[in-house]
Amino acid sequence: MALPEVPLPEVPLLEVPLLEVRELSVEFPTRRGVLKALDTVSFTIETGEVLGVVGESGAGKSLTGAAIIGLLERPGRISGGRILLEGRRIDTLSQEEMRRIRGRRIGAIFQDPLTTLNPLYTVGRQLAETMQVHLGISDAEARRRAVGWLEQVGIPAPAERIGAYPHEFSGGMRQRVVIALALCAEPQLVIADEPTTALDVSIQAQIITLIKRLAREHGTAMMLITHDMGVIAETADRVAVMYAGRIVELGPVRRVIRHPAHPYTDGLMASIPTLAGRLGRLTQIEGAMPRLSAIPPGCPFAPRCPKVFSRCTAERPELMAAGETAAACWLYAPASAEAAHV
Amino acid sequence: MSAPAAAGPAPAQPLARRLGPLGRFFDSDLWYSFRQSPVAMIAGAVAFVCIFGSLLASWIAPHDPFNLATLSLSNSFIPPIPMNGSEWAFPLGTDEQGRDMLSAIMYGGRLSLVVGFSAVLFATVVGVAIGLIAGYGGGTLDAVLMRVADVQLTFPAILIALVVDGIVSAALHELHEATEIYVIVFAIGISNWPQFARTVRGSTMVERGKEYVMAARVIGISGPRIMLTHILPNVLGPVLVIATINLAVAIVSEATLSFLGVGLPPTDPSLGTLINNGNSYLFSGQWWITVFPGAALVIMVLSINLLGDWLRDALNPRLK
Amino acid sequence: MAGFILARILQAIPVLLVVCFLAFLLFAYVGDPVAIMLGQNATLAQRIALTHALGLDKPFYVQFVLYLGRILHGDFGLSYRLGEPVLQLLATRLPATLELSFTSAVLALVIGVPMGVYTGIYRNSWLSRAFLTFSLIGVSLPTFLIGILLILVFSVWLGWLPSFGRGTVVHIGHFWTTGFLTLSGLKALILPAITLGLFQMTLIMRLVRAEMLEVLRSDYIRFARARGLPNRMVHFGHALKNTLVPVITITGLQLGQIIAFSIVTETVFQWPGVGFLFVQSIAAADIPVMSAYLILMGTVFVTINLVVDLLYYAVDPRLRLERRAPAAAR
């Protein structure tokens, strides 16, 4: 599936997706060889849309987010593919150009609010500096807006709390501050990497609601990375399921949840405990996700797949249409090709 | 994009090679990172040469500088090669008594190493023991022991060593020469145990909360046994790094104490004593009596420091 | 805040008492003061008289209390070696040590911190590598050797700078003498200050660098970059402040190291400070001086620790709120 090597012509905003990731590959050179952590990952995010990215630990979700925002940690590097923001490539930009995009056009929310905020600076200061860097406003204006943001994220008595330090807030409140920080420069896209995982369950719902509401109000698109399918169900419009560094299913969230196409997604759904219906044994998917250094040829899920057949271990499947979603699975191969192999 | 057709089911993990302990060491991350770092390898080689050369001093030194019968004042103050008046028999020159500098350095180096090593061993054993007990026992015992360590840490180690050495020497006035080496080892060792104790105590407390320790206690294994056989191997990593760096510090401390005159006596000198001795001849131009022992000391300490640095980086999981 | 200071002071007092006790033990039991002061040929009667006069026949704890009393009045006895009151000996030599230590500390900080910051931020530049090599050598060179080498090069071979003593000093106030105000005083200060400061400088540099590297890997720095803050702000606004907090503590403790190693430096350069006095008194088994020096050092270090604790408290907001009520409700 080789793409033509011509730069995209400039097209009006409405005709290209806000974010397009095409065949993105990320690798890590190690002393035992090169590990491919992301293997030709492709997806798009439209303006104002919420794309959920779900998968087990180590599937490559956070790496995808890091690569998009240009904060891949050494020695990791992008080894192939492109990332396009509103039609223009951003993976080849200089450090300085990328810096201007970060915060202003693409924001980020990280997992642990305790370590994400600098303990030695007040929240007001951290908000103000972000806005002043990107929006060029005065100190007084920045302070005014900072109070406004604290109010928007639901922190009581914002005018007083502006001078408080991060450790003076509880976990949930801190994450609200982080959300404010991610949104205060008014980005078009926010990458939220496990925003609720470090929080108490009772708080998680509040934070998710907050994120949803703010995203809708400001028209911000979101890439919501999590291993929690419940959060995705609540919040996302579309969902991408990742496994071993690849996307194995991509489609509207209702569809993927109710009628998962890929056997892995099916297994994921089945393993979620539910109070409805018969309470029986939890199903689990046998085996474990392969280590990056030992990904089998063909489909990476083949060793654990209940529907595996000969083609699965021979060739690697790309995303292909499977009803209303897309799945990387030979079960959905176009009929003619299928008949020839089975 | 198809993968080449596999012969059968996907290959399993590569067969684990049957390696003996030596083989495992050479296959380990530690050895790999050692091979990757030219600095570490050179430092390791130099340290090895120093240590080897010093330990075998009695066998391979060209002269015995401390056998009074072989010394002759006519040999005194011979400058090193390639200056005027030098001789091949004494490549690094001789001192005021006609002692060969090269041999004196080898013997002195041996003594410096022995003292340094013993002092570190002392500090390690005492520090690790106290750290284990404090970390495992917890409560008042821990509080008291750590308080002692903290108080001692408010004072610089060199000062403590100096004071202990000075006091004990003054008290044992007559026995000075015979016991000096023990006094110095004790003084330096006792001044350095707190860092070991604190580190081990921290690690012990972390390990104590882990399941394998709880499992051992449930089975009924006694406290001391748990500390020794279960916890100790797991906390030794950082101890090794501290010990290596401490070795360099101990050698320098001993040299300093000897230089100040409260260390090893001139009859059985360490490198520090040699440097002190040579100091008197700086202004009269016989610089080699001080400079060469000094250089030997620096080379030895530098290579140990480099090894310690490398070891710390190699064992630090977060830097990988 | 006041409660904090008071608590720390109260903690320091037992330590001081222990130091005094050790000094007292030294004073009372090592060597025989009576024999030393009277010589070998004293009669028994003379011995008993002196013993009684010195209070050495009283019970142990009484002697200790008397000792403490004397100390608090500034009476540390007479030096065996020089016959003068110990307090006076220490007082005349203290300015020399303090000026030397201060100069070295300033040198070490002013050069060490920027070097450390630079090598932390620009990890791979050749200048960083040069600094690191230099620092490694600095850490491996014992202080006395640095002094000797400097003397060799700058005094013996080049003849530019003096190798011993303090030069001409100016008297200020009751007991202070300063070398800062004369050219010969300043010249005499250069080599010893470099000797004493070099080790500290390299240590500070390596410490600052290590802290900086650690901080630069933290989540909040990553988040700062994710918000698009420019490098200048990330490095000097966020990272630097977080780096300096632990550095302050260690630097404070390093001040202690400086004072300890001033003993060595003073010996190499025959600098007339309290450290040199101490070394001389060890060689001569001059117990009163040794005891007094111990107490002096104990006080100095306990004070340093206290000041460092206070500094830490002032800089890190997390510590200030230990006593406040828990944060607002969720």
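The values are calculated or read from the model by the stated rules, or taken from the named source; none is laboratory data. Just so we're clear, the structure is a prediction, and the values are computed from it rather than from any experiment. Here the Cβ positions follow ideal geometry from the backbone for every residue, glycine too, while neighbour counts run over all protein chains shown.
Odds and ends about this structure:
- Total residues in the stretch C:247-261, condition at pLDDT below 75 and more than 14 Å from chain B (Cβ to nearest Cβ): 1
- Residue list for the stretch C:226-285, filter: β-branched (Val, Ile, Thr) and more than 26 Å from B:Ala171 (Cβ to Cβ): C:Val234, C:Thr243, C:Val245, C:Val247, C:Ile248, C:Thr249, C:Ile250, C:Thr251, C:Ile258, C:Thr265, C:Val268
- Matching residues in the stretch A:17-59 - criterion: being not in a strand (DSSP E or B) and not acidic (Asp, Glu): A:Pro17, A:Leu18, A:Arg31, A:Arg32, A:Thr47, A:Gly48, A:Gly55, A:Ser57, A:Gly58, A:Ala59
- Just one residue in the set C:Phe236, C:Phe223 is modelled with pLDDT of 90 or more, within 14 Å of chain A (Cβ to nearest Cβ) and in a helix (DSSP H, G or I); that residue is C:Phe223.
- Some residue of the stretch B:233-244 being crowded, with 18+ Cβ neighbours inside 10 Å, closer than 21 Å to B:Gly109 by Cβ and touching a Ser or Thr at 6+ places or on another chain (Cβ under 6 Å): yes
- Positions within the stretch A:45-102 being among the acidic types (Asp, Glu) and either under 12 Å from A:Leu19 (Cβ atoms) or touching a residue at least 60 places away in the same chain (Cβ under 8 Å) (or both), in sequence order: A:Glu46, A:Glu49, A:Glu56, A:Glu86, A:Asp91
- When the stretch C:195-220 is limited to residues that are surrounded by fewer than 20 Cβ atoms within 10 Å (Cβ to Cβ) and farther than 14 Å from C:Leu136 by Cα, the one that is nearest to the other protein chains (Cβ to nearest Cβ) turns out to be C:Asp219.
- Out of A:Ile207, A:Ile179, sole residue that is assigned to a helix (DSSP H, G or I) and in contact with a strand residue (DSSP E or B) (Cβ under 9 Å, 6 or more places away or on another chain): A:Ile179
Per-residue answers, yes or no, for (1) surrounded by 19 or more Cβ atoms within 10 Å (Cβ to Cβ); (2) within 22 Å of C:Ala105 (Cα to Cα):
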site: C:His238; (1), (2): yes, no
site: C:Ala260; (1), (2): yes, yes
site: C:Val264; (1), (2): yes, yes
site: C:Gln280; (1), (2): no, no
site: C:Met290; (1), (2): yes, no
site: C:Ala314; (1), (2): no, yes
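- Selection count, the stretch B:254-282, where residues are within 19 Å of C:Phe276 (Cβ to Cβ) and either crowded, with 23+ Cβ neighbours inside 10 Å or hydrophobic (A, V, I, L, M, F, W, C) (or both): 12
- Helices (runs of 4 or more DSSP H) contained in the stretch C:82-156 and holding at least 1 residues more than 14 Å from chain B (Cβ to nearest Cβ) and closer than 23 Å to C:Thr178 by Cβ: C:86-121
- The set of residues from the stretch A:12-59 being under 26 Å from A:Gly107 (Cβ atoms), of a type outside the set (A, V, I, L, M, F, W, C) and within 14 Å of another protein chain (Cβ to nearest Cβ) comprises A:Glu23, A:Ser25, A:Ser42.
- Matching residues in the stretch B:272-285 - criterion: being within 10 Å of chain C (Cβ to nearest Cβ) and farther than 16 Å from C:Ile151 by Cβ: B:Gly272
- Meets criteria (over 22 Å from A:Leu199 (Cβ atoms), more than 8 Å from chain C (Cβ to nearest Cβ) and touching a residue at least 60 places away in the same chain (Cβ under 8 Å)) for A:Ile106: yes
- Of the helices (runs of 4 or more DSSP H) entirely within the stretch A:238-340, those holding at least 3 residues that are modelled with pLDDT under 85 and under 29 Å from A:Met223 (Cβ atoms) occupy A:263-270.
- Positions within the stretch A:94-111 being over 16 Å from the mean Cα position of the chain (by Cα) and farther than 17 Å from A:Glu186 by Cα, in sequence order: A:Ser94, A:Gln95, A:Glu96, A:Glu97
- Within the stretch B:286-301, one or more residues are in contact with a helix residue (DSSP H, G or I) (Cβ under 8 Å, 6 or more places away or on another chain), of a type in the set (S, T, N, Q) and within 14 Å of another protein chain (Cβ to nearest Cβ).
- When C:Arg166 is tested against the conditions (1) within 14 Å of chain B (Cβ to nearest Cβ); (2) part of a loop (DSSP other than H, G, I, E, B), the lone failure is (1).
- Hey, C:Leu181 of a type in the set (A, V, I, L, M) and not in a helix (DSSP H, G or I) or not: yes
- The single condition among (1) away from every other protein chain (no Cβ under 12 Å); (2) hydroxyl-bearing (Ser, Thr, Tyr); (3) outside any loop (DSSP other than H, G, I, E, B) that A:Ser62 does not satisfy is (1).
- Taking (1) within 10 Å of another protein chain (Cβ to nearest Cβ); (2) farther than 30 Å from C:Gly167 by Cβ; (3) among the hydroxyl-bearing types (Ser, Thr, Tyr) in turn, C:Tyr293 satisfies each apart from (2).
- Annotation: A:Ser94 fulfils all but one of (1) facing chain C (nearest Cβ under 10 Å); (2) surrounded by fewer than 16 Cβ atoms within 10 Å (Cβ to Cβ); the unmet one is (1).
- C:Ile190 being surrounded by 15 or more Cβ atoms within 10 Å (Cβ to Cβ), touching a Leu at 6+ places or on another chain (Cβ under 8 Å) and free of Cβ contacts under 8 Å to residues at least 60 places away in the same chain: yes
- Residue that is farthest from the chain's Cα centre (by Cα) [pool: residues in the stretch A:192-204 that are buried (at least 19 other Cβ atoms within 10 Å of the Cβ) and not in a helix (DSSP H, G or I)]: A:Leu199
- Residue in the stretch A:152-174 that is within 13 Å of chain C (Cβ to nearest Cβ), basic (Lys, Arg) and in contact with a helix residue (DSSP H, G or I) (Cβ under 7 Å, 6 or more places away or on another chain) present: yes
- In the stretch A:21-29 there is at least one residue that is buried (at least 19 other Cβ atoms within 10 Å of the Cβ), under 27 Å from A:Leu214 (Cβ atoms) and under 19 Å from the mean Cα position of the chain (by Cα).
- All conditions in (1) free of Cβ contacts under 8 Å to residues at least 24 places away in the same chain; (2) within 29 Å of C:Leu296 (Cα to Cα); (3) surrounded by 15 or more Cβ atoms within 10 Å (Cβ to Cβ) hold for C:His174, with the sole exception of (3).
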